[in-house]
């Protein structure tokens, strides 16, 4: 089947129908209307105690109708794709406007075909036994890694999202977006002590991805290594100190510290600590940060965003200077800036808004070993759990799951997980060294905003931040005030 | 507006669920369970006096779980056409062939099934009774009250009004069938305050209820939101220190959630909980009693039966510091050789998880002011940032903001700090519990004081 004709073949839609729905959406006026059709099929499998305990598959389909009038947005959706229900949703969304009907532009402009994830066979359609094999292999590899690994859970999930976006401005885009991910989590136990470790990866890839380098054994070993390491971890320090972030997933720092604050909706409303800072210095000159939705196979990539706009590479910070924001159609129009193709939504039930894709810092010139060597007393954090930010006051956190002390230029003992907290608009001004080893994460990130979850990617080279607050429990060697 | 309130529709959903169970059994399944969820939502956001978004819609979805002996699998769909439902049942039966024989898998035994029959007061049609313009006005009034409260409130993320109703239907091959409806409405305000130096702070407040009659007036919500925002202005970092910490009720419930995760049967049987194997032992001070009660009329965590068709009940989880019970569903109960506590939570797909009923920390005698009054130097936490809690080891490290306590009084705001310790000690160090228990969701705790935590700052 020609995937680009998905909704026409499955639901008997015609271009004439789409025009009719858009006309209904603009029946009470409004500046703009769009329709987002989505058909999502997914699979999820889990092995626990070496048994495949959970297997599920599902389908969800629907259409969301949006009408924009000035700064107002009306939204309605239906999970029934009959003409009658879509027209009802369109008329409901139209209630936001109250003016004479408008007419959508005649004829759709189909967006140029692009193929960042050209899978021959989407993983959702692949043999389920091959997916079962993946998680069983992960279970086996983790248990074989060390006798102290006692509990192993391995999971695999994939989906295929077919979308069709049409809008009253002539936008017409279709895409078929695969996404697959596997995860291994395990618990290491010794007499009176236990610790956890986890690892995972994936992307907009076919099933064969997991039979290459990033195979079940790779993730199983990584999860097991982390769990064992944590068995010997000592108390993390508390207070401000030098922090070195390892390459890859620690890029969640950028996502929280600057990424969200640069989403255009917050800046249009002037609720972000970054509002009004374009052209100003927000980072040291070593820092260039981009958001790039065009990287092949990446979890955060998209051929088109959820408003039908092609994604792009957007420079957010260039040599320390703030260059611009991540925008969607609404904020681009209201702020008079370009649409960067960052309008995303969780599903047809949700209103799109500016979101990140793959956000990372370009490599610098420092040798990672030199960066470590430059630190007298600090923390080297190489793996993180999640993070969070308050975009208004700029405070952000991210939680280290694998970290070490650095003492006199050497990486020493592993320390317990600790939250790091800082201030978004100035943390990057304290970046004094940037490694030459840019790496992106393995493909596990999911970002939440206003209750909407979307897959994203992050990355950094090894970075040194001169001062960041580490949330441990141990007394600092020098200074500090203890009651 | 598409509000589905007719009982006719509900009955139809029950018969669809029973029919799907019957179809699975006819195709050779040895047990089957079907869940249907239907819901409608309305939401509006008003910002700076103007409507920003209006959203209204309804949706319906169905999931089925089937077993061939000890092998199970599940599928779900939003397609209720005959063809769509057939495909869903067929896929579940196919999928069950690839899962493992698990001696503990299955639906509950027939004699455990049942439901509360009293009126649980969960559904009020009035959440949708307001005409459109009045709903928008609720949102507008909440925001206006915040904006008008003080000249330093200069911006806003808006005022909002939301309403929703939902219906859940569950049927299984032991003949169980049940359904219940719940309603919900809320009003909120998110003001932004700004100092002369341009620094901004944002906070929020909301009221939530199952009926409009119990919803706080928007003006009250807006005013509290403004007060909470203003008190954050001019925040500075605190010094790294070990001081007593008072948890505002908005954050003390998170401590209770950690106990919930710790007694969650799924973590317990895997030994992935710091509370595994501690049944009958002291895990907290004598003053700590924690209860889970899924039967409280009107409660946010109330339902007549759990996600597997087990009647909900009241369970004492911790009594005077002693761990009395884990919270379990059928599977985890079997794994641990115990009985389910009626805490199964069932999504559309996958195996049932474990969820709270109305889960709370028994309040004490003192007022929150008395708790604060007893502290010379300390921290009053109003907000946590991030999720730095390791439930395997109990290690606890979170970003925080709040107010500094000096001489028994709240003084200046503090931010960009961390609070760290270990949950194993934290529960023993809950030195005082105030009397201000209020349910704003299914998990609730009064103001509490915890000693021995490390504040990380300058």
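Bear in mind these aren't lab numbers, they're just calculated from the coordinates by the rules spelled out. Predicted model only: the values in this text are computed from it and were never measured. Cβ placement follows ideal geometry from the backbone for every residue including glycine, while neighbour counts extend to all protein chains displayed.
Sorted fewest first by neighbouring Cβ atoms within 10 angstrom, A:469, B:211 come out as B:211, A:469.
Taking the helices alone, chain A has a mean residue ellipticity at 222 nm of -5000 deg cm²/dmol, built from -39,500 (n - 2.57) per DSSP H run of at least 4 residues and averaged over all its residues.
Go through A:281-287, B:246-252 and give me the packing order, highest mean Cβ count within 10 Å leading. Can you show the working numbers first?
On the way: A:281-287: 20.4, B:246-252: 22.0.
With the highest mean Cβ count within 10 Å placed first, the list reads B:246-252, A:281-287.
Partner shielding of A:375-387 amounts to 1, given as the average count of beta-carbon atoms from other chains within 10 Å of each residue beta-carbon.
Suppose R0 equals 56 Å; then what is the FRET efficiency for residue A:8 and residue B:376 from their Cβ-Cβ distance, rounded to the nearest 0.05?
On the way: r = 72 Å, r/R0 = 1.29.
Calculated value: 0.20.
Relative contact order of chain A, taken over Cα pairs closer than 8 Å and 6 or more residues apart, is 16 percent.
Using only the alpha-carbon atoms, how far is helix B:82-95 inclined from the longest principal axis of chain B? Give it as 0 to 90 degrees, nearest 10. Computed tilt is about 90 degrees.
Order of B:78-89, A:424-435 by packing, highest average Cβ count within 10 Å first?
On the way: B:78-89: 16.1, A:424-435: 21.2.
So the order, starting with the most tightly packed, is A:424-435, B:78-89.
For helix B:7-26, report the angle its Cα long axis makes with the longest principal axis of the Cα atoms of chain B; keep it between 0 and 90° and round to the nearest 10°. Compared with the principal axis, the helix lies near 60 degrees. Among B:114-121, B:396-403, the peptide with the highest mean count of other Cβ atoms within 10 Å heads the list, and the full ranking is B:396-403, B:114-121. Label positions at residue A:129 and residue A:367, each projected 7 Å from the Cα along the C-beta direction, are separated by 5.3 nm.
Does chain A classify as rounded, prolate or oblate by the C-alpha gyration tensor (a ≥ b ≥ c root eigenvalues; a/c under 1.5 gives rounded; else a/b over b/c gives prolate, otherwise oblate)? Oblate shape, in that a/c is at least 1.5 and b/c is the bigger or equal ratio.
Exposure proxy check: B:295, A:446 ranked by fewest other beta carbons within 10 Å?
Details: B:295 19, A:446 11.
Ascending number of Cβ neighbours within 10 Å: A:446, B:295.
First check a/c for the protein assembly as shown, with a ≥ b ≥ c the square roots of the eigenvalues of its C-alpha gyration tensor; if it is under 1.5, answer rounded, and if not, answer prolate when a/b is larger than b/c or oblate otherwise. Before the final figure, lay out the partial values.
Numbers: a/c = 1.22, a/b = 1.11, b/c = 1.10.
Verdict is rounded for the protein assembly as shown.
For the range B:330-458, the direction-averaged projected area of the alpha-carbon convex hull comes to 10.2 nm². Normalising the average separation of contacting C-alpha pairs (under 8 angstrom, six or more residues apart) by the number of residues puts the relative contact order of the range B:261-373 at 29 percent.
Determine the shielding of peptide B:378-389 by partner chains: average, over its residues, the number of Cβ atoms on other chains within 10 angstrom of each Cβ. Please report the intermediate quantities before stating the final value.
Working: counts 1, 0, 0, 0, 0, 2, 3, 11, 14, 7, 15, 4.
Mean shielding count: 5.
Taking a ≥ b ≥ c as the square roots of the eigenvalues of the alpha-carbon gyration tensor, chain B is classed oblate because a/c is 1.5 or more while a/b is no larger than b/c. Across the range B:63-165, C-alpha contacts under 8 Å between residues 6 or more apart give a mean separation that, scaled by the residue count, equals a relative contact order of 21 percent.
Only residues of the range B:340-378 count here: report those whose backbone N is under 15 Å from the spot 7 Å along Cα→Cβ of residue B:118, or say none. Flagged as within label range: B:358.
Based on other C-beta atoms within 10 Å, arrange A:235, A:365, B:308 from fewest to most. All intermediate terms of the calculation are to be shown ahead of the outcome.
Working: A:235 17, A:365 11, B:308 25.
Going from sparsest to densest Cβ surroundings: A:365, A:235, B:308.
Pull up the DSSP beta bridges for the range B:235-458 and report the antiparallel fraction as a percent, rounded to 5. Let's see the in-between values first.
Values: 44 of 52 bridges.
Around 85 percent antiparallel, to the nearest 5.
Could you tell me the calculated FRET efficiency between residue A:105 and residue B:82, based on Cβ-Cβ distance and R0 = 51 angstrom, to the nearest 0.05? Kindly include the intermediate steps, with their values, before the conclusion.
Numbers: r = 39 Å, r/R0 = 0.76.
My answer for the efficiency is 0.85.
Take each residue in B:68-78, count the other chain C-beta atoms within 10 Å of its C-beta, and the mean is 5. Axis of helix A:128-145 versus longest Cα principal axis of chain A: the two differ by about 10°, to the nearest ten degrees.
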